[in-house]
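The values are calculated or read from the model by the stated rules, or taken from the named source; none is laboratory data. Values in this document were obtained by computation on a predicted structure and should not be read as measured data. Cβ atoms come from the backbone with ideal geometry, glycine included; neighbour counts cover every protein chain shown. The area values use the complete protein model at the heavy-atom level, side chains included, leaving out ligands, DNA and RNA. Shrake-Rupley method; radii C 1.70, N 1.55, O 1.52, S 1.80 Å.
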Amino acid sequence: GESVGLHLPTLSVQEGDNSIINCAYSNSASDYFIWYKQESGKGPQFIIDIRSNMDKRQGQRVTVLLNKTVKHLSLQIAATQPGDSAVYFCAERQAGTALIFGKGTTLSVSS
Amino acid sequence: DTEVTQTPKHLVMGMTNKKSLKCEQHMGHRAMYWYKQKAKKPPELMFVYSYEKLSINESVPSRFSPECPNSSLLNLHLHALQPEDSALYLCASSQAGTGGDTQYFGPGTRLTVL
């Protein structure tokens, strides 16, 4: 089965709110994690990544948090906008293998 | 330039047809990938080419045949497909040849098999 999954298949927020999308992974040997955003009809778009020697990384309006103790990854989006509406996938790398994608969370932003 | 291009954007084919999907990147990446994605599901890895050699084949049926003519191009040849093969086919590339680093995706080819 998949070792990477997301807690909620859908998340609905109001414009301007902060969004938190969660992901759990099962392999403690995973050393690299990526968040992708996929809009309808498009390919996945790289958002942000984090290596296992870090616990937080910030980008523009996005922050990824990694908690290796409980094997949990989250993506925080500040001041969510309608353009953030998409499916978000986390992916993990287990040493020596290709990326493994989680199930995805659909984020819906209403104005 | 972090662009991966794919052609065609849409493809409709019959079960007896032969067609090809094309992918191109000019980022100097040494690994290229084919994924299949069904609606509301994550991408499923099909093939990985590393330094122009097939390094991973995820037990894909032989009606899908990948080809890597050079380091910038990746093709997927299709023959005798089934309706259940209808999906979005994504190409991706990454800098290293290990398959586990950041992959950049193309827009995909929406394939419909009648």
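General remarks:
- Verdict on B:E24 being free of Cβ contacts under 8 Å to residues at least 24 places away in the same chain and within 20 Å of B:F105 (Cβ to Cβ): no
- Selection within the range B:64-101: residues that are open to solvent by 20 Å² or more (accessible area, probe 1.4 Å) and polar (S, T, N, Q). The member of this set that is nearest to the other protein chains (Cβ to nearest Cβ) is B:T98.
- Within the range A:83-105, the residues that satisfy the criterion of being among the β-branched types (V, I, T) and facing chain B (nearest Cβ under 8 Å) are A:V87, A:T97.
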